[in-house]
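Peer 1: Handing you this structure, nothing more for now.
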């Protein structure tokens, strides 16, 4: 009996020893499995971001900002009446009742999001219901105080606070706040103990982005684009305003715009930033760069004359024509070709320049390559590889057969305005990070010199003539200031069937003001206007309104000053007289050049060339058939008395 008692005692003692040892082990040595079990039972963790950095204009005005919001979550296991709770929440938050019931019935999950980023009034309303199992987490919400202003450029963020388009996407790594893990403790019954949100301030916010954009200039640009779109029943319109000296973009817009606070609910086609993503045939604004290449290669001078075939010239089996039949131009100098926007004249200049040199010129001005602007999805445009057949070469000369983006075009005109240096357009001026005393500042990068200062000055004068009376850019003029620029009217390409759409055009104007000391470069393009379509009718007046607003806002003084009124009618008349005298002088120089030297015969038929040379020599050697592509001596060269002339002719393929 005694032995049995001893055995039982020993057994109980051993059990107690095991229990004490186990208890000591649990108290002294951690058990990862039990720790995980405790966390699952008494804690819920989630990751949210701290405040996203702001996007500011050049004067510190908010374009994109973050404000506190309240995100609603639920513990389905604590929801008492699932059907009634789901119905009430769905109705108040405008959610699907079926989806809400599905969330709340899943008792295997102890944490589900109901709806993110609610307003404080919504939080207070739901809290007043005293519904067990619901709670809120404070987190930042992205808002755009100006609604649709600069919409396609800014882009927007998703529900998780990550950038989806535009600058929000491009600079997401700077703007986004750091991830913060939030632990939601539970009480003994598993109910979440809600934090007050103060823990989010322990992590630094995202960096602030300072743009080169001027809020007021942006507003004015969008207003004028919207006005012209409505006036001409156009599909859309784009515009850019650039500082001529610094290449800083002060405004860039696509209309129709998008309310960024509802960005995810708008079709992607409308959200697309056409300024960088869409390449299109630009039309006659491209003639400027044909002339620039010819000046650079010493192929022409402003006074060099071309016979423009009375408005119609055959190249291969196709005809090149002027925009209107009434434009039956004959002899025009290069300045007049630009001013009157002669397609035939531009094609003849391109033939003299040749495809290789014109291609090199366009590449130098940045066409066919990304500008490097700080926006996603930029297109390179389309510049066909060499060689170019004569018909393609002639088309490129007046802006068809080549596709460019608005950003490329404004950068190229800025290179002329600033004296011949191509720069990357600048959109982001600085990044203000919270871990640095000084912000990261940026300046426009110089890409290359494309023209000498003298060549750029010559081209400015020629573009001033393109806004003279009877020139296509006349409607771009503003009182008291010289304006330089070029109109464009391009047929729209049909991407489905090829060829061109019937009665569909892109009307544009590119230029700068004041022309003598450029301050602003402006490009405007209107897509598919219905009531008129020439760039002179549609886009040039928009340029004039923007230019007049900009020079007045900047406090620039008019070129001429009248005691009565600095922008009076008399002043305008005097300004026009001065430009007319300058144009007359160019014509006189052209006539003198022809009298003193050999005439320009390029592009003429054999009969026309023989008639032209008959007064100077009767010794003419003819090589080939077709039209004159080269002469010996060249145009403007001195010709000795009774000297021999060689005409080289070719048939365009």
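The values are calculated or read from the model by the stated rules, or taken from the named source; none is laboratory data. Remember, it's a predicted structure, so these values are computed and weren't measured experimentally. Every residue, glycine among them, receives a Cβ derived from its backbone with ideal geometry; neighbour counts consider all protein chains shown.
Yes/no matrix, rows are residues, columns are (1) over 23 Å from the mean Cα position of the chain (by Cα); (2) assigned to a loop (DSSP other than H, G, I, E, B):
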{"residue": "388", "(1), (2)": "yes, yes"}
{"residue": "393", "(1), (2)": "yes, no"}
{"residue": "407", "(1), (2)": "no, no"}
{"residue": "412", "(1), (2)": "no, no"}
{"residue": "434", "(1), (2)": "yes, yes"}
{"residue": "438", "(1), (2)": "yes, yes"}
{"residue": "448", "(1), (2)": "no, no"}
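Peer 1: I've got another one for you. Of all residues in the range 606-653, how many are at pLDDT below 70, touching a helix residue (DSSP H, G or I) at 6+ places or on another chain (Cβ under 7 Å) and under 19 Å from residue 304 (Cα atoms)?
Peer 2: Qualifying residue count, the range 606-653: 1.
Peer 1: If you don't mind, another one. Quick one: how many residues across the range 275-310 are assigned by TED's automatic domain parsing to the domain that holds residue 529, part of a helix (DSSP H, G or I) and surrounded by fewer than 23 Cβ atoms within 10 Å (Cβ to Cβ)?
Peer 2: Result for the range 275-310: 1.
Peer 1: Report whether or not residue 488 is within 25 Å of the chain's Cα centre (by Cα), crowded, with 19+ Cβ neighbours inside 10 Å and more than 25 Å from residue 248 (Cα to Cα).
Peer 2: no
Peer 1: Does residue 586 meet the test of being assigned to a loop (DSSP other than H, G, I, E, B) and modelled with pLDDT under 55?
Peer 2: Working: assigned to a loop (DSSP other than H, G, I, E, B): no; modelled with pLDDT under 55: yes.
Here the answer is no, as residue 586 does not meet what is asked.
Peer 1: Among the residues of the range 311-320, write down those that are surrounded by 15 or more Cβ atoms within 10 Å (Cβ to Cβ) and in a strand (DSSP E or B).
Peer 2: Of everything in the range 311-320, those that are surrounded by 15 or more Cβ atoms within 10 Å (Cβ to Cβ) and in a strand (DSSP E or B) turn out to be 312, 313, 315, 320.
Peer 1: Right, next: Given the criterion in contact with a helix residue (DSSP H, G or I) (Cβ under 8 Å, 6 or more places away or on another chain), farther than 30 Å from residue 257 by Cβ, modelled with pLDDT under 85 and assigned by TED's automatic domain parsing to the domain that holds residue 64, identify the matching residue among 106, 196.
Peer 2: One residue alone meets the criteria, 106.
Peer 1: For the condition within 30 Å of residue 169 (Cα to Cα) and either over 34 Å from the mean Cα position of the chain (by Cα) or part of a loop (DSSP other than H, G, I, E, B) (or both), what is the one hit in 332, 375?
Peer 2: Working: 332 fails: within 30 Å of residue 169 (Cα to Cα).
Exactly one of 332, 375 is within 30 Å of residue 169 (Cα to Cα) and either over 34 Å from the mean Cα position of the chain (by Cα) or part of a loop (DSSP other than H, G, I, E, B) (or both), namely 375.
Peer 1: Tell me the residue from 260, 225 that is crowded, with 22+ Cβ neighbours inside 10 Å and over 25 Å from residue 550 (Cα atoms), please.
Peer 2: Values: 225 fails: over 25 Å from residue 550 (Cα atoms).
One residue alone meets the criteria, 260.
Peer 1: Which of the residues belonging to the range 235-273 are assigned to a helix (DSSP H, G or I), closer than 29 Å to residue 505 by Cβ and touching a helix residue (DSSP H, G or I) at 6+ places or on another chain (Cβ under 8 Å)?
Peer 2: Matches in the range 235-273: 271 only.
Peer 1: Which ones in the range 140-157 are buried (at least 23 other Cβ atoms within 10 Å of the Cβ) and assigned to a strand (DSSP E or B)?
Peer 2: 142, 157, listed by residue number.
Peer 1: Also, I was wondering about something else. Please work out if residue 496 is more than 20 Å from the chain's Cα centre (by Cα) and part of a strand (DSSP E or B).
Peer 2: Against the criterion (more than 20 Å from the chain's Cα centre (by Cα) and part of a strand (DSSP E or B)), residue 496 does not qualify.
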